[in-house]
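See below for the structure under consideration.
The values are calculated or read from the model by the stated rules, or taken from the named source; none is laboratory data. A quick note: this is a predicted structure, and the numbers were derived from the prediction, not measured. Cβ coordinates were reconstructed from backbone atoms using ideal geometry, including for glycine residues, and neighbour counts include every protein chain displayed. Heavy atoms of the whole protein, side chains included, go into the accessibility calculation; ligands, DNA and RNA do not. Shrake-Rupley method; radii C 1.70, N 1.55, O 1.52, S 1.80 Å.
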Amino acid sequence: AASQFLPHGMKWFMIDDGWEIVEGDWEPRKDRFPDHEVDGVVMDGMAWMAAQIRDRGMIPGIWIAPFTVHPDSETAKAHPDWLADLTPLGHIFVSADMRPLDLSNPEVKAWLADVFRKLTQDWGFRWIKQDFAYYAMFTTNLWDPDVTPTEAYVDTLAMLREVIGPDVFYLLV
């Protein structure tokens, strides 16, 4: 990509869906992104990949859909209380094999903050493409009954923006 696209001005390089074990368990698949030994130190595969992208003069990015989890994920199994119910309209828009997180729950927000710190601070990705964020707008029966899904969504996005800092490009789709 660097040799073919950098000369034409493309400097953004993204690791897309498929790097994770399963949606909701935001750890890399070691068969695709194994750890590497660098100068006698074992480097996490995702941090190594981000460094490889940077070393070639490009900006490393990563895809994530953190507001939903697959029902078979370890996260969903360990924290069923983190899962939100769907509105009737949500059952139309939200993929049947995904469950939205309850963004009004402070434990969910703390977990999301940790995930985004890992992506940016630990692994070194400088842009994030967040997919299916709008699924959170179709939730009901939230942990905090005084918060609407929209308020929880906006508050969580603001919190994540603060966590990743002003120098990370944050794209919602």
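For the reader, a short list of remarks on this structure follows.
- Here the chain has an Rg and Dmax of 17.1, 55 Å, counting Cα atoms alone.
- The range 109-173: Rg to Rh, with Rh as the Kirkwood radius over Cα pairs: 1.00
- The chain: antiparallel DSSP beta bridges as a percent of all, rounded to 5: 45
- Within the chain, helix-based [θ] at 222 nm, where runs of 4 or more DSSP H residues each add -39,500 (n - 2.57), nearest 500: -8500 deg cm²/dmol
- Reported to the nearest whole Å, the Cα centre-to-centre distance from the range 1-68 to the range 124-173 is 22.
- The label point for Met43 and the one for Met14, both projected 7 Å from the Cα toward the Cβ, are 2.4 nm apart.
- Summing Cβ point charges (Lys, Arg +1; Asp, Glu -1) relative to the Cα centre of the range 61-173 gives a dipole of roughly 400 debye.
- 5 angstrom amide H check on Tyr170, placed H, neighbours 5+ away: Ile128
- With every protein chain in place, the range 1-108: carbon and sulfur % of accessible area (1.4 Å): 55
- Build a GNM of the chain with springs between Cα atoms under 10 Å apart, and of Pro80, Pro149, Pro71 the one that fluctuates most is Pro80.
- Normalised by the number of residues in the chain, the mean separation of alpha-carbon contacts (under 8 Å, six or more apart) gives a relative contact order of 23 percent.
- Axial C-alpha extent at least 30 Å, average Kyte-Doolittle at least -1.0 - helices from the chain (DSSP): none
- If a spin label sat at a point 7 angstrom from the Cα of Asp114 along the line to its beta carbon, the backbone N atoms of the range 43-86 nearer than 13 Å would be those of 75-76, 78-79.
- Mean accessible surface per residue for the range 32-74, computed with a 1.4 Å probe while every protein chain stays in place, in Å²: 47
- Computed from backbone phi with θ = phi - 60° and the Karplus coefficients 6.51, -1.76 and 1.60, the 3J(HN,Hα) list for the range 4-19 is 8, 10, 4, x, 9, x, 7, 10, 9, 10, 10, 8, 8, 3, x, 6 Hz; x is used for glycine and proline.
- For the range 86-91, backbone phi angles converted through the Karplus equation (6.51, -1.76, 1.60; θ = phi - 60°) give residue-by-residue couplings of 9, 6, x, 5, x, 5 Hz, Gly and Pro being listed as x.
- Here's how it looks for Thr87: its modeled amide H is under 5 Å from those of Thr139, Thr140, which are all 5 or more places away or on a different chain.
- Kirkwood-based shape ratio for the range 41-108, expressed as Rg/Rh from alpha carbons: 1.15
- Karplus 3J(HN,Hα) series, Hz, for the range 67-76 with 6.51 cos²θ - 1.76 cosθ + 1.60 (x for Gly, Pro): 8, 10, 9, 6, x, 8, 5, 4, 4, 5
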